[in-house]
Amino acid sequence: MGWFNNIRLQPKLIAIMVLVGLIPVVIVAWEVSNRATEALLEQSYNQLTSLKAVKLFQIGDLFQALESDMQVLGEVVATIRREAIDRLKTNHALREQSLKSHLAAASANLQIMATTTEVTQMFHKLFLFHEQQQTAATEPYPVDHIGYLPLIQAESERVKRMATEWAFGDVLFICAKHGHVMFTTGAHSDLGQNLSHGPLKNSSLSSLWQKVVATKKLAFSDYRPYGPNQTLPTGFMGVPYYHQGNLEGVIAIRIDYQHINALLQQRNGLGHTGEAYLVGSDYLMRSDSYLDSANRSLQASFANPERGRVTTVAVEQALAGKSGADVITDYHGNQVLSVYAPLQLGDVRWAFLVEVDIAEAFNPLDEQGDSLFARFMQLHGYYDLFLIDSSGYIFYSVTQEADYRTNILKGQFRDSNLGELIRTVARERQFALVDFAPYAPSNGEPAAFAGYPIVDKRDDELEMVVALQLSTAKINAIMQQREGMGESGETYLVGSDRRMRSDSFLDPEGRSISASFSGTVADNGVDTEAVERALAGESATRIITDYNGNRVLSSFSPFKVGEEVWVAIAEMDEAEVEQPVKALIERILLLAVVITLLVVLVAWLIARSITIPMRQAVAVSNQIAAGDLTVTIDVQSRDETGQLLSAMKNLIERLNAIITEVKGGADNLASASSEVSATAQTLSQSSTEQAAGVEDISSAVEQLNASVRQNSENARSTNQMATRASIEAKQGGDAVEKTVQAMKQIADKIGQIETIAYKTNLLSLNAAIEAARAGEHGKGFTVVASEVRKLAENSSLTAQEISELATDSVKVAEDAGIKIESIVPAIQKTSALVEEIAAASMEQANGVVQINDSMTQLDKATQQNASASEQLAATAEELNGQAEQLQRSVSYFKVR
């Protein structure tokens with residue numbers, strides 16, 4: 001660093017200030033650019049990630065809405081199906097009731113007719129005429145006989161009027177015995193015929209005659225071609241006729257086909273494709289078909305049975321005696337909702353069916369005549385809506401493309417993804433989704449489908465499937481929203497087959513969904529690192545090469561669509577991502593250049609303002625160093641350099657004053673040092689003498705300390721003896737007190753002895769008296785009593801003496817106790833005084849010790865003073881020499 005110290009101050013300051021100014025600028029610029037770059041890149045990453053997440057959410061919401069739509073649609077279709085079945089069942093029941101009512105009314109009217117006077121009179125006349133003419137069993141009835149017409153003339157017109165009123169097509173009277181047709185209101189060729197022989201032997205009328213005769217009750221004969229009725233299919237109803245309990249014949253009527261047909265041809269509740277019709281056990285029509293009158297009218301059916309026969313499942317079930325409602329294939333091969341039931345007419349069973357094409361039955365129209373499903377499809381933006389029965393037949397389609405009215409499971413489109421979807425839904429009985437694939441009915445365009453099953457909850461049978469064909473427009477509308485995508489950004493979807501699931505914004509021709517499936521993956525699909533990583537389960541945002549070979553920032557994630565995996569990708573060109581970073585760096589560099597120029601200019605001005613006063617300060621310092629204190633300084637500024645020059649000016653003035661004072665002080669110091677040296681010599685001698693006196697005092701204090709310690713020990717011993725004496729005196733007082741108590745007890749015992757001696761004396765006296773009374777016998781007792789009395793008197797005297805001694809002893813002991821009690825406090829007080837003396841002696845001893853320590857310290861201090869006095873003297877000598885040297889040094893400066 002020596003070379004640096006040799007550089008002049010001005011360039012050094014400029015260089016330092018430029019470096020100090022630029023280094024933070026460079027560091028800050030570097031840090032800001034890095035942070036800004038990271039922030040902008042992170043913002044771009046986050047923006048792409050957020051855009052991808054938004055798209056994912058929107059696509060997920062789209063498919064969730066699809067599933068919700070399918071569930072709602074499924075419930076709606078199931079409800080519509082139930083309501084359609086219920087409506088058709090109601091329609092069937094009403095029509096069936098009308099048919100039964102009509103036939104019941106006809107049979108009732110027929111039975112009424114059979115009991116009228118006109119009919120009974122006329123029939124009996126004809127029967128008698130039959131008998132009178134002796135008509136043979138194999139011959140016809142003699143209607144050509146001259147007597148026939150006059151016979152029936154009176155009643156025939158009335159019978160005809162009744163037939164007309166009750167809408168009977170024809171009324172026939174038949175004899176029970178041979179089957180002769182004796183009368184008809186229609187006067188057809190069957191009049192006079194023999195039903196047991198002849199051309200009508202196997203006719204429906206012959207069959208009726210046989211049934212009525214056999215059962216003897218109301219009977220029906222099913223439709224057959226009947227020659228007398230222009231070979232048209234004709235059915236009959238008949239009742240037996242009795243006269244006076246004898247069966248004479250059968251009254252028959254032709255079943256009114258026109259009226260039955262009118263009931264069934266009513267269009268109420270049948271829409272455009274519905275019809276109600278009757279089918280016989282021969283599978284031929286018993287009423288006219290509304291939809292196929294050319295082949296399946298009553299007449300056409302019998303005229304051409306091959307084309308007019310109806311052999312559907314519903315007919316089979318009804319003829320087997322079963323009723324129900326189901327979706328079936330009708331005689332045209334169309335799927336229809338059919339409600340069927342048997343219609344029993346005696347031993348004749350017909351199948352009565354009411355049917356509506358399911359496309360109409362399950363597709364209600366609103367008030368404007370628009371299809372509910374068509375409006376649903378348009379409202380929710382789907383491409384097509386299908387209703388498919390359990391067999392795979394597409395019976396309804398909004399767009400009605402080539403797949404309409406085909407079987408998607410068995411027909412030409414069975415290998416399509418819609419066929420796959422229907423098989424999956426039928427198998428799993430739940431919502432399913434199938435991925436995009438080319439779909440032939442939609443001109444080969446890629447199509448994706450969703451399906452929902454309609455299941456009969458009673459037996460878990462699949463009734464039908466509702467399917468939706470997704471529109472790519474809804475997906476593209478989400479993926480091609482441009483907010484936040486800049487100029488080169490785009491979001492798109494890719495399937496696991498690397499083909500597009502949404503149209504590309506940057507390559508709408510080459511990488512649309514349609515182009516992707518019609519072309520190759522290499523030219524029209526996406527097989528980039530993002531797709532590979534996403535299909536491997538990774539979600540990330542990174543720089544990759546896109547399908548165009550450009551470096552892009554790509555954010556990708558996999559997600560599931562049904563059972564398939566799709567990839568959502570959001571990308572933006574790397575150049576566009578880095579453009580804000582480059583612009584920011586350019587602005588930072590430009591700002592750094594401007595700041596550098598400003599720093600250099602400011603550094604030059606600052607260095608110049610510092611170096612000019614510094615140069616002046618250097619010149620003044622050199623003069624002062626030469627001893628010239630007469631120099632003058634001109635101060636022109638108030639900054640730090642001005643303050644420096646001002647301080648030097650003040651320094652020179654102070655130095656002038658100080659040098660002048662030092663010169664005077666040096667002279668005074670020289671004379672004072674001589675005086676100090678003399679005084680120090682005197683002080684040293686005094687300190688030596690004082691130290692000797694202190695040593696003598698210290699010896700005396702040591703002896704005093706020993707005496708005080710002895711006194712303290714004696715006082716402590718005396719205190720201990722006094723304490724023991726006090727304790728022993730107290731114990732003696734306690735003993736005297738116990739003695740007094742014992743003497744008192746002795747005195748009490750002696751009193752008891754005196755009492756006993758007194759009582760003994762009395763007893764001895766009484767004994768002497770008793771002995772005196774006894775005379776000679778008591779002399780011995782007298783002597784004994786005398787001796788006892790003497791002994792008692794001696795005992796009494798002795799007890800009195802002991803009592804007196806005990807009393808005196810008690811007094812002496814009490815006096816001793818009192819004196820001992822008075823001695824104890826005195827001893828205790830003495831002990832206390834001795835203790836205080838001992839304490840005072842200890843304090844005195846401690847005081848003497850402290851005095852001794854103080855004297856020792858005083859001795860040391862005295863000796864130190866003596867030593868210091870000697871040093872002071874030496875210092876004074878040296879100070880005198882320094883004062884002389886100072887005088888010589890001060891004389892170097894020139895002062896004003």
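The values are calculated or read from the model by the stated rules, or taken from the named source; none is laboratory data. Just so it is clear, the structure is predicted and the values come from calculations on it, not from any experiment. FYI the Cβ positions are ideal-geometry reconstructions off the backbone, even for glycines, and counts take in every protein chain you see.
Any residue at all in the range 170-191 that is within 20 Å of residue 131 (Cβ to Cβ), surrounded by fewer than 20 Cβ atoms within 10 Å (Cβ to Cβ) and of a type in the set (D, E, K, R)?
Yes, there is a match, as at least one residue in the range 170-191 is within 20 Å of residue 131 (Cβ to Cβ), surrounded by fewer than 20 Cβ atoms within 10 Å (Cβ to Cβ) and of a type in the set (D, E, K, R).
Do you know which of the residues in the range 517-554 that are under 16 Å from residue 506 (Cβ atoms) and small (Gly, Ala, Ser) is farthest from the chain's Cα centre (by Cα)?
By that ranking, first place goes to 549.
Condition test on residue 450, is it in contact with a helix residue (DSSP H, G or I) (Cβ under 7 Å, 6 or more places away or on another chain), within 25 Å of residue 518 (Cα to Cα), of a type outside the set (Phe, Trp, Tyr) and crowded, with 20+ Cβ neighbours inside 10 Å?
yes
Restricting the range 25-53 to residues that are out of contact with any Ser or Thr (no Cβ under 9 Å at 6 or more places or on another chain) and of a type in the set (Val, Ile, Thr), which is surrounded by the fewest Cβ atoms within 10 Å (Cβ to Cβ)?
This residue is 27.
If you go through the range 137-151 one residue at a time, do you hit one that is free of Cβ contacts under 8 Å to residues at least 40 places away in the same chain, exposed (fewer than 13 other Cβ atoms within 10 Å of the Cβ) and not in a helix (DSSP H, G or I)?
Yes, the conditions are met somewhere in the range 137-151.
Quick check on residue 283: is it under 21 Å from residue 99 (Cα atoms) and not in a helix (DSSP H, G or I)?
yes
Tell me yes or no: at least one residue of the range 50-67 is closer than 23 Å to residue 432 by Cβ, part of a helix (DSSP H, G or I) and in contact with a His (Cβ under 9 Å, 6 or more places away or on another chain).
The answer is yes, given that some residue of the range 50-67 is closer than 23 Å to residue 432 by Cβ, part of a helix (DSSP H, G or I) and in contact with a His (Cβ under 9 Å, 6 or more places away or on another chain).
Residues that are under 27 Å from residue 85 (Cβ atoms) and assigned to a strand (DSSP E or B): does the range 481-492 have at least one?
Within the range 481-492, not a single residue is under 27 Å from residue 85 (Cβ atoms) and assigned to a strand (DSSP E or B).
Here are the criteria: (1) in contact with a Pro (Cβ under 9 Å, 6 or more places away or on another chain); (2) crowded, with 24+ Cβ neighbours inside 10 Å. Tell me which single one residue 321 does not satisfy.
Condition (2) is where residue 321 drops out.
Given the residues 428, 420, which is the only one that is at pLDDT 95 or above, within 14 Å of residue 450 (Cα to Cα) and either among the charged types (D, E, K, R) or outside the structural domain of residue 451 (by TED's automatic domain parsing) (or both)?
420
The conditions are (1) touching an Asp or Glu at 6+ places or on another chain (Cβ under 8 Å); (2) over 29 Å from residue 451 (Cα atoms); (3) in a loop (DSSP other than H, G, I, E, B), and residue 511 fails exactly one of them. Which is it?
Looking at each condition in turn, residue 511 falls short on (2).
All but one of (1) surrounded by 18 or more Cβ atoms within 10 Å (Cβ to Cβ); (2) farther than 19 Å from residue 442 by Cβ; (3) at pLDDT below 95 hold for residue 472, so report the exception by its number.
Just one mismatch for residue 472, condition (2).
Could you list all residues from the range 206-252 that are out of contact with any Leu (no Cβ under 6 Å at 6 or more places or on another chain) and assigned to a helix (DSSP H, G or I)?
207, 208, 210, 211, 212, 213, 214, 215, 227, 228, 229 - these are the residues of the range 206-252 that are out of contact with any Leu (no Cβ under 6 Å at 6 or more places or on another chain) and assigned to a helix (DSSP H, G or I).
Within the range 456-480, work out how many residues are outside any loop (DSSP other than H, G, I, E, B) and farther than 27 Å from residue 61 by Cβ.
5
Determine whether the range 319-326 contains at least one residue that is part of a helix (DSSP H, G or I) and not charged (D, E, K, R).
yes
Please go through (1) in a loop (DSSP other than H, G, I, E, B); (2) outside the structural domain of residue 567 (by TED's automatic domain parsing); (3) within 19 Å of residue 442 (Cβ to Cβ); (4) not hydroxyl-bearing (Ser, Thr, Tyr) for residue 503 and return the number of the only condition it doesn't satisfy.
(2)
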